[in-house]
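Below is one structure, written out as structure tokens; comments come after it.
The values are calculated or read from the model by the stated rules, or taken from the named source; none is laboratory data. This structure is a prediction, so every number in the text was calculated from the model and none was measured. Here Cβ is always computed from backbone atoms with ideal geometry, including for glycine, and neighbour counts include all displayed protein chains.
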Amino acid sequence: MHHSSSSRRQLIRRVAALTLGAGILPFMGYGSTEHPDQDPATIYIPPGEGKKGKVGDMNLTFKLSSRETSNHLGLWESVIQPGELGAPPHYHTKTDEICRVLEGTVVFMTGSKITEVNAGGWHLRPKGMVHTFWNSSGEAAKTIDICIPGGHEYYMQELALLFENNNRPKASDFRRLEKKFDIHYRFDLLNQVMEKYKVKL
């Protein structure tokens, strides 16, 4: 009797593991962890803390990386100045981006759709869709940006390095970044976006 009960419990555990493995875990990126031997750890980031960077006039504070989240996501805060375009039009083949506006207003262009997002709002930029964003208000806007799966935060960090010491990226830098990261620029759309919406990069 004891043996039968034990066998049944083992069978239930196996079925549960198979069900989770087939359904939920692939959705969470199971099996694609960047550092599978790394134990998960609790992380506390005090207000204002994190690695700092700057892309143009946009201030960045990096909070979580794919290395710390089993490759599930990367996360940073951005402060976008008035009249500033946050990025040239581009798209990703594997990365979804989610933005929560904390302060001010951010305008998102996804394909041909324009969405104005005020403080407290969320916006999803799905993979495969050309997008850009800007602050056309008279005050700075603050956002939380999340990339799923993680990895795009390393592109943002590397891009920020190209702006250090008042430098600006060159065309060759953008070509290198395209080869290294999941980003595909649409510079052919840049001028018309800046002219139409009166923003600068």
Residue ID - nearest to residue 153 (Cα to Cα), chosen from residues in the stretch 92-107 that are touching a Lys or Arg at 6+ places or on another chain (Cβ under 7 Å) and not acidic (Asp, Glu): 95
The stretch 174-192, residues that are assigned to a helix (DSSP H, G or I) and within 14 Å of residue 87 (Cβ to Cβ): 174, 177, 178, 187, 189, 190
Number of positions in the stretch 136-173 that are under 21 Å from residue 83 (Cβ atoms) and not in a helix (DSSP H, G or I): 12
Test: residue 87 is under 14 Å from residue 199 (Cβ atoms) and in the same structural domain as residue 60 (by TED's automatic domain parsing): yes
Tally, over the stretch 85-96, of residues that are in a strand (DSSP E or B) and under 12 Å from residue 128 (Cβ atoms): 3
Among residues of the stretch 51-81, those that are surrounded by fewer than 18 Cβ atoms within 10 Å (Cβ to Cβ), assigned to a strand (DSSP E or B) and out of contact with any Ser or Thr (no Cβ under 9 Å at 6 or more places or on another chain), counted: 1
Filter result (surrounded by fewer than 20 Cβ atoms within 10 Å (Cβ to Cβ) and farther than 16 Å from residue 75 by Cα) within the stretch 132-155: 136, 137, 138, 139, 140
Residue pairs meeting the criteria (Cβ under 7 Å; at least 6 apart or on separate chains; first over 24 Å from residue 107 (Cβ atoms), in the stretch 175-200; second of a type in the set (Asp, Glu)): 177/158
Filter pass, residue 87 being more than 26 Å from residue 180 (Cα to Cα) and in contact (Cβ under 8 Å) with a residue 12 or more places away in the chain: no
